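Each value in this text was obtained by applying a stated rule to the coordinates, not by laboratory testing. These numbers were taken from a predicted model, which means no experiment stands behind them. Every residue, glycine as well, gets a Cβ built from its backbone with ideal geometry; the counts of neighbours run over all protein chains shown.
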Amino acid sequence: MARKYDAIVVGAGPAGFLAAKAAGENGLDVALLERKSDPIQLTRACAQSLVSTNEYYFGNLLRYNARDKHLCFSSDGFSFKYDGPYRDLYNLVMYTPNGHKVEFGDYKELKKKGDNGRVGISFDKEALFQCLLEQVKTYNVDVFPGINVQKVTSTADSVTAEGSGQSFEGRYLIAADGCNSRVAEVMGFNKDRNYYCNFCGISYYLSGVESVEPDQIVKSTAFLKDGHAHLYLLPRPVEGEYNFSVVSIDPRTDLEAAAEYFMKEAFSAPWFRKAKQLRAFSAACNCYSPVIKPYKDRVLLAGDVGSTQELEITGAMISGWKAGQAVTTAVLEENLGLEITGISQYLDWWIKAYINYYNHEDYMRGMALPYLLSTNEEIDYLFGYIKETLPACWNPYTGSKAMGQGMAKVIPIIQKERPEILQKLQKRELPISQVLAEVTKISKPVL
Ligand SMILES: Cc1cc2nc3c(=O)[nH]c(=O)nc-3n(C[C@H](O)[C@H](O)[C@H](O)COP(=O)(O)OP(=O)(O)OC[C@H]3O[C@@H](n4cnc5c(N)ncnc54)[C@H](O)[C@@H]3O)c2cc1C
């Protein structure tokens, strides 16, 4: 017999926790189903930074209120306790393969401004999950770890999730099971999406990293023997620790060899001479065009489930919160015999705050440089001319605008010296499905 709830939330990530918290706080009976046997434990790679604290993101200015230890979302008016460690991040530095630096934001100037100068916040995701787990329990959310939802069936007035030998019936289900969502797949949400590729990564917590500013995000990129990879190095909020990630959308790339390259051969090798690996993680994420209408048959999608690849943690939390409010409104409306508007409010928000506001093709273009250029020398040449500091930015949707500002000034020089590079870059204007056609052909979605 299925246990009965007002709302079933599948997935206890940032989106699922916030959905469960919103619905629980509103007095609904909520079941939160999580595949991992320990909902707090982090198993998937994540750089664990809250993006874009110097710009609106999904309609909100994100603030960490350190005095009361709360993460606050200005426009949507919600907040929750986070009393784990954190560290302000003041700028992003992109290194070309030969070590030329392009800076997004003036590190020293921004650091002087303290909280008002940060572009992002490094935090501990396990501490965040611990806080959120405690908070959902205070709202009587029933948390079920170790439930791998495999099947979802709907009737006119209920929806049932089944997995790991158990069954849960709800009036609504919020699918927050991430970018490789089983719920989205079995409910047919992926049928109308364009599949592009997979974003794969490995990451390590490291101690003993030298020569990098402690409050800075570092990115680099390189062509390797078998493909290409990006390096991200972010300070952890724990003193002396860094989060080192190597990612690629090319399935031919050997990520462990790429990690070795950045640590032992590249210009960055001296940073890692004394580095010690403390923990290791991995990730493989489907990259699709977004779901335009994230609702069907009493199932509402939240967080990465309906996104290109990721809404980022901030976007996932906002969308989870909105989904929890939407389902609460719909349940109350049904109880009172009113017209159901809760779900359409969420759908309107999704279109306005995500689909129409951000261009998912720009997001994918951020990963597409290796399909435009073909050698490390070309990358060194192209970015070597950018010497000025670009606008401070840690936002995957607006980053290309900041870079465009730097490129505009150097294009006349490149046109004169290396017109063939400009010709290659022009391919960037094509639909992203054409830019990534080569990699799409050799990739397939993870289920
Ligand atoms: C390498 C890498 C680095 C990243 N770095 C950053 C960063 O610095 N900043 C940032 O903002 N974002 C970053 N992200 C993205 C970020 O991790 C996600 O956007 C965010 O976690 C999405 O939250 P979510 O709740 O939608 O999904 P997830 O965090 O994916 O949570 C989904 C949950 O559902 C559970 N689940 C899955 N399937 C089932 C099932 N069938 N049944 C039950 N439970 C299920 C999973 O175990 C998981 O707990 C990174 C991602 C990667 C891969």
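The distance linking segment 149-177 with segment 239-260 is 36 Å (Cα centroid to Cα centroid, whole angstrom).
In terms of its C-alpha gyration tensor, segment 119-215 comes out oblate, because a/c is 1.5 or above while a/b does not outweigh b/c.
Using the Cβ-Cβ distance between I292 and Y139 with R0 set to 25 Å, the FRET efficiency from 1/(1 + (r/R0)^6) comes to roughly 0.20.
Rounded to two decimals, the Cα-based Rg/Rh of the chain, with Kirkwood Rh, is 0.97. Listed by chain and number, the lysines placed with their C-alpha closer than 20 angstrom to that of K191 are K151, K293, K296, K441, K444; residues fewer than eight positions away on the same chain are left out. Backbone amide hydrogens, once placed in the peptide plane, bring L28 within less than 5 Å of nothing, excluding anything fewer than 5 places away on its chain. Full extension of the chain between S374 and R273 yields a length gain of 33.4 nm, computed as 0.36 nm times the residue separation minus the alpha carbon distance.
3J(HN,Hα) along segment 315-325, derived from phi through the Karplus expression 6.51 cos²θ - 1.76 cosθ + 1.60 where θ = phi - 60°, amounts to x, 5, 5, 5, 5, x, 4, 4, 5, x, 5 Hz, with x in place of Gly and Pro. Test of understanding: in a Gaussian network model of the chain with alpha carbons linked when under 10 Å, which of V291, V238, V247 would top the mean-square fluctuation ranking? In this elastic network of the chain, the residue with the biggest mean-square fluctuation among V291, V238, V247 is V238. Projecting label points 7 angstrom from Cα along Cα→Cβ for K427 and E256 puts them 3.1 nm apart. Dipole orientation for the chain: of the candidates N26, M94, A156, M94 has the Cα lying most toward the positive pole (charges on Cβ; Lys, Arg +1; Asp, Glu -1).
The GNM of the chain, with springs linking C-alpha atoms under 10 angstrom apart, assigns the highest mean-square fluctuation among G59, G342, G366 to G366. Between R418 and Q150, the simple label model (points 7 Å from Cα in the Cβ direction) yields a spacing of 5.3 nm.
Against the main long axis of the alpha-carbon atoms of the chain, helix 399-417 sits at an angle near 30°. For segment 155-260, what is the charge dipole size about the Cα centre, in debye to the nearest 20, if Lys and Arg each add +1 at the Cβ and Asp and Glu each add -1 at the Cβ? Dipole about the Cα centre, nearest 20: 360 debye.
DSSP beta bridges confined to the chain are antiparallel in about 70 percent of cases.
For segment 281-426, the fraction of C-alpha pairs farther apart than 27 angstrom is 42 percent.
Among the GluC sites (Glu not before Pro) in segment 205-270, those placed in a DSSP loop whose Cβ has at most 12 other Cβ atoms within 10 Å are E210, E239. When the chain is described by a simple charge dipole with +1 on each Lys and Arg Cβ and -1 on each Asp and Glu Cβ, the residue from F73, P396, T308 located farthest towards its positive end is P396. Computed extension gain for K81 through Q130, at 0.36 nm per residue and net of the alpha carbon distance, reaches 16.6 nm.
For segment 45-103, which trypsin sites (Lys or Arg not before Pro) are both in a DSSP coil and crowded by at most 15 other Cβ atoms within 10 Å?
Filter output for segment 45-103: R67, K69.
Computed from backbone phi, the HN-Hα couplings of segment 429-438 come to 6, 5, x, 4, 4, 7, 4, 9, 3, 4 Hz, rounded to whole numbers (Karplus: 6.51 cos²θ - 1.76 cosθ + 1.60, θ = phi - 60°; Gly and Pro given as x).
Give the long-range amide H neighbours of F78: residues separated by 5 or more places, or on another chain, with amide H under 5 Å away, using H modelled in the peptide plane at 1.01 Å from N. Result for F78 returns F73. 3J(HN,Hα) along segment 26-38, derived from phi through the Karplus expression 6.51 cos²θ - 1.76 cosθ + 1.60 where θ = phi - 60°, amounts to 7, x, 6, 7, 10, 10, 10, 9, 10, 5, 5, 6, 10 Hz, with x in place of Gly and Pro.
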